[in-house]
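The structure appears below as structure tokens.
The values are calculated or read from the model by the stated rules, or taken from the named source; none is laboratory data. Note that the coordinates shown come from a computational prediction; the quantities given were computed from them, not determined experimentally. Here Cβ is always computed from backbone atoms with ideal geometry, including for glycine, and neighbour counts include all displayed protein chains. The accessibility values were calculated without ligands, DNA or RNA, using every heavy atom of the protein model including side chains. Shrake-Rupley method; radii C 1.70, N 1.55, O 1.52, S 1.80 Å.
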Amino acid sequence: MVCAYKQPPFHRLMRYFIAIFVGALCALNALIIDEAKLLNPNVLSKLETMSSELKEKTNINAHLLTSTNPNNLSLKELASTKFELSGEYAILVLVPKKIDEKTGKVDIILSNPDLLDKNAVLSPMPNTGTILPLLTSKRDDIYNAALLNGFADIAERIALSKGVELQSAIGSSNKTALTWIRYPLYGFLLFAIIVFVTKSLRKKSRIPSDN
């Protein structure tokens, strides 16, 4: 004979709270959180490897968070709900563009502004910035490329400042996507300068002489 067994309500309640506690603890200890589901598994694995190696060699936490930010928090507040903001850290936070918005949001939250030059990483110019030029490009897959390039730039800058080398760094290989953006941009600027100079010379040649 098979007897049915029903767990007492108190035990079920305890298991529920323990599961919530363990889940929250794991979330706070996570290195990379892709709530917005923007990244493919290979990129996620690479980001986690770089973050773990940087932590091991410098004791600095490098995190990445993507989120739809349903409660419209500031990016620093949003990061504080997902990570334990203690010690030295750099957190790359991205909220993708919503249907009714023209742009998304991206920032680097630092424990110390001297940890790295975040303005260089977030520069819109392709010769310095490693995130915004890709996010504003016409590529089909902007998020994987932009976040991998940006996070790698952050990790490598921190490692360099501490005098260590990351074996997981992607180095010059992360410049390829940006190179394809830089060349057309520089070509367009050169073309615009030539057109401007040509028009200016033509205008001057049309001005009648006083003599």
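For segment 115-125, indicate whether the set of residues that are touching a residue at least 40 places away in the same chain (Cβ under 8 Å), of a type in the set (Val, Ile, Thr) and within 24 Å of Leu44 (Cβ to Cβ) is non-empty. Looking for residues that are touching a residue at least 40 places away in the same chain (Cβ under 8 Å), of a type in the set (Val, Ile, Thr) and within 24 Å of Leu44 (Cβ to Cβ), one finds none in segment 115-125, hence no.
Looking at this structure, is Lys46 among the basic types (Lys, Arg) and either in contact with a helix residue (DSSP H, G or I) (Cβ under 8 Å, 6 or more places away or on another chain) or in contact (Cβ under 8 Å) with a residue 40 or more places away in the chain (or both)?
Answer is yes for this residue.
Which condition does Pro96 not pass, out of (1) closer than 26 Å to Ala159 by Cα; (2) in contact (Cβ under 8 Å) with a residue 60 or more places away in the chain; (3) not basic (Lys, Arg), if it passes all the others? The failed condition is (1).
Looking at Ser137, is it of a type in the set (S, T, N, Q) and touching a residue at least 40 places away in the same chain (Cβ under 8 Å)?
For Ser137, the condition - of a type in the set (S, T, N, Q) and touching a residue at least 40 places away in the same chain (Cβ under 8 Å) - is met.
The helices (runs of 4 or more DSSP H) located wholly in segment 94-168 that include 1 or more residues which are open to solvent by 60 Å² or more (accessible area, probe 1.4 Å), at pLDDT 90 or above and on the phi < 0 side of the Ramachandran plot occupy 118-121, 142-161. For Asn40, the requirement of being out of contact with any Gly (no Cβ under 7 Å at 6 or more places or on another chain) and open to solvent by 20 Å² or more (accessible area, probe 1.4 Å) is met.
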